[in-house]
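Colleague: Structure in structure tokens, see below.
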Amino acid sequence: MTAKVTLQPSGHSYTVEPDETVLEAALRSGLNLNYHCSNGTCGECRARLLEGTIHEIQHHDYVLSTTEKAQGQVLLCRARIIDDIVVEASEAGSIADIPVQELTTQVSSVENPQQDITVLTLRTPRSQTLRFLAGQHVTINIPGLSPRNKSIASCPCNGMFLQIHQRQIEGDSFSDYLFNQVRPREKIKVEGPFGGFVLDETSQRPIIFLAFDTGFSSIKSLIEHAVSLDIPQAITLYWVMPYKRAHYLENYCYSWQDALDNFSYIPVCAMASEETKDDLNQAQNALVQAASRVTDDHPDLSGFDVYITGPQAAMQVARHWLLAHGLIEQQLFIDQIRRF
């Protein structure tokens, strides 16, 4: 039997399954509650019980003071309920509410969905998960290499596991390390989160995501977050690849389309032209072709929110195209991550 939690002062509400803690259910529902470790060590998820009864409090190392107990404070990461409750809890309302964190992660897995793509999964320490908003990125620090900014491809609903996508790039030391040297259980330092490429949760407009190549990683996080929120508006993903590159997680995109009534996936395979002599020109050509596909399908973009990823110069070309077809500047969200 599920129970309902209502948060104050936001008024947000969500359901909790019998096998979940109050915090786990909130994160699964896409809510940005304040927390840090999620296992009862740090006390950051303290909240005040206003109405109802906590069914079970699991063991925790953090010691609530006598005053905190008298105020009705509990740790949401250790609390289970069977009846409805109302709690006063802190929620992140913007990127300004998410602190920059430094932690040492451990390589959980290294997978290759196709030969020239690596999906790296990092596990955070038991005592320190990474709190971030969907669409943000981190700086990865590996000894002997220059720091590298990478988008987090996973959902904030589980900050213990951070997924990173990397395409193999000839002559790039970071790419070479992830493809040929990184090993399971290796320690990797991470700093973040950074960036304002996040979902506008106040908007009710239909959403278009336009992802270029491995720029799909931040879009993936945004879509998973939108699914957690169970937003009602239509979502369309256009994922463009330059000539001869495959969509490396295409089956995952089709699984969204099969499972969700309001989601559509449109793969775009950009054709090369004689003018595309280098990677930047290929990216510009690909994004313009994808933007053209968007405007063919939606001639008037004034009623949409559009989120776009790709090389900065290429995105500016696509931006001009989309704005020329009615998209309002304030409804265009561009991933500003500096990748190198």
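Colleague: Given a cut-off of under 8 Å on Cα pairs at least six residues apart, what relative contact order in percent is computed for segment 143-190? Walk me through the intermediate numbers first.
Modeller: Details: 28 pairs, mean separation 12.5, N = 48.
Here the relative contact order equals 26 percent.
Colleague: What list of ³J(HN,Hα) couplings, whole Hz, do you get for segment 231-239 from phi and the Karplus terms 6.51, -1.76, 1.60, once you set θ to phi - 60° and write x for glycine and proline?
Modeller: 5, x, 6, 5, 10, 10, 10, 9, 10
Colleague: Return, ordered by residue number, the residues of segment 304-340 whose backbone nitrogen is under 19 Å from a label point located 7 Å along Cα→Cβ of Leu145.
Modeller: Output list for this probe position: 337-340.
Colleague: Return the distance in nm (one decimal) between the two label points of a simple spin-label model at Glu51 and Gln330, each offset 7 Å from Cα along Cα→Cβ.
Modeller: 3.5
Colleague: Follow-up question, since we're still on this one. Show me 121-134, 168-181, 80-93, 214-227 ranked by packing, highest mean number of other Cβ atoms within 10 Å first. Spell out each step's value before the answer.
Modeller: Numbers: 121-134: 20.4, 168-181: 14.0, 80-93: 17.5, 214-227: 24.1.
Highest mean packing first, the order is 214-227, 121-134, 80-93, 168-181.
Colleague: How much length, in nm to one decimal, is gained on full extension between Lys244 and Asn112, taken as 0.36 nm per residue of separation minus their Cα-Cα distance? Could you put the intermediate results ahead of the total?
Modeller: Numbers: separation 132, 0.36 × 132 = 47.52 nm, distance 1.77 nm.
That works out to 45.8 nm of additional length.
Colleague: Could you give me D for segment 120-223, from Stokes-Einstein at 25 °C and 0.890 mPa s, where the hydrodynamic radius is the Kirkwood radius over C-alpha pairs? Units µm² s⁻¹, please.
Modeller: 167
Colleague: Which whole-Hz couplings ³J(HN,Hα) result when phi for each residue of segment 255-265 is put into the Karplus expression 6.51 cos²θ - 1.76 cosθ + 1.60, θ = phi - 60°, listed in order with x for Gly and Pro?
Modeller: Those phi angles translate into 5, 4, 4, 6, 8, 10, 6, 9, 10, 10, 10 Hz.
Colleague: Could I ask something else about it? Using amide H atoms built in the peptide plane, which far-off residues or other-chain residues are under 5 Å from Glu44 H to H?
Modeller: Under 5 Å from the amide H of Glu44: His36, Cys37.
Colleague: Can you give me the distance in nm between label points at Asp300 and Asn180, each placed 7 Å from the Cα along the Cα-to-Cβ direction?
Modeller: 5.6
Colleague: Related question: Please report the antiparallel percentage of the DSSP beta bridges confined to segment 199-340, to the nearest 5.
Modeller: That works out to approximately 0 percent antiparallel.
Colleague: Calculated from DSSP H runs of 4 or more alone, at -39500 (n - 2.57) each and per residue, what is the 222 nm mean residue ellipticity of the chain, nearest 500? Don't jump to the answer; show the numbers that get you there.
Modeller: Numbers: 7 runs with 76 residues, N = 340.
-6500 deg cm²/dmol, from helical runs alone.
Colleague: What's the carbon and sulfur percent of the chain's accessible surface, probe 1.4 angstrom, rounded to a whole number? The partial results should precede the final answer.
Modeller: Values: 7500 of 15630 Å².
Percent of accessible area from carbon and sulfur atoms in the chain: 48.
Colleague: Right, next: Where is the GNM fluctuation largest for the chain (alpha-carbon springs, 10 angstrom cutoff): His12, His165, His36?
Modeller: For the chain, modelled as a Gaussian network with Cα springs under 10 Å, the answer is His12.
Colleague: Counting only residues 5 or more places away or on other chains, whose amide H sits under 5 Å from the amide H of Glu186 once H atoms are built in the peptide plane?
Modeller: When sequence neighbours closer than 5 places are left aside, the close amide H contacts are Val107.
Colleague: List, in order, the whole-Hz ³J(HN,Hα) value for each residue of segment 144-150 obtained from phi through the Karplus relation with A = 6.51, B = -1.76, C = 1.60 and θ = phi - 60°; use x for Gly and Pro.
Modeller: Going residue by residue, I get x, 10, 5, x, 10, 7, 9 Hz, with x marking Gly and Pro.
Colleague: I've got another one for you. For the chain, what does the accessible surface come to per residue with a 1.4 Å probe? Please give it in Å². Kindly include the intermediate steps, with their values, before the conclusion.
Modeller: On the way: 15630 Å² over 340 residues.
Here the per-residue accessible area is 46 Å².
Colleague: Taking H as built 1.01 Å from N, whose amide H comes closer than 5 Å to the amide H of Ile82, not counting residues under 5 places away?
Modeller: So Ile82 has HN proximity to His55.
Colleague: To continue, here is another question. Quick check for you: which residues of segment 1-45 have the amide N under 16 Å from the point 7 Å beyond the Cα of His59 toward its beta carbon?
Modeller: 39-42
The values are calculated or read from the model by the stated rules, or taken from the named source; none is laboratory data. Because the structure is a prediction, the values reported are computed rather than measured. Quick reminder, even Gly has a Cβ in these numbers, built from the backbone with ideal geometry, and neighbours come from all protein chains shown. These area figures cover heavy atoms from the full protein model, side chains too; ligands, DNA and RNA do not enter into them. Shrake-Rupley method; radii C 1.70, N 1.55, O 1.52, S 1.80 Å.
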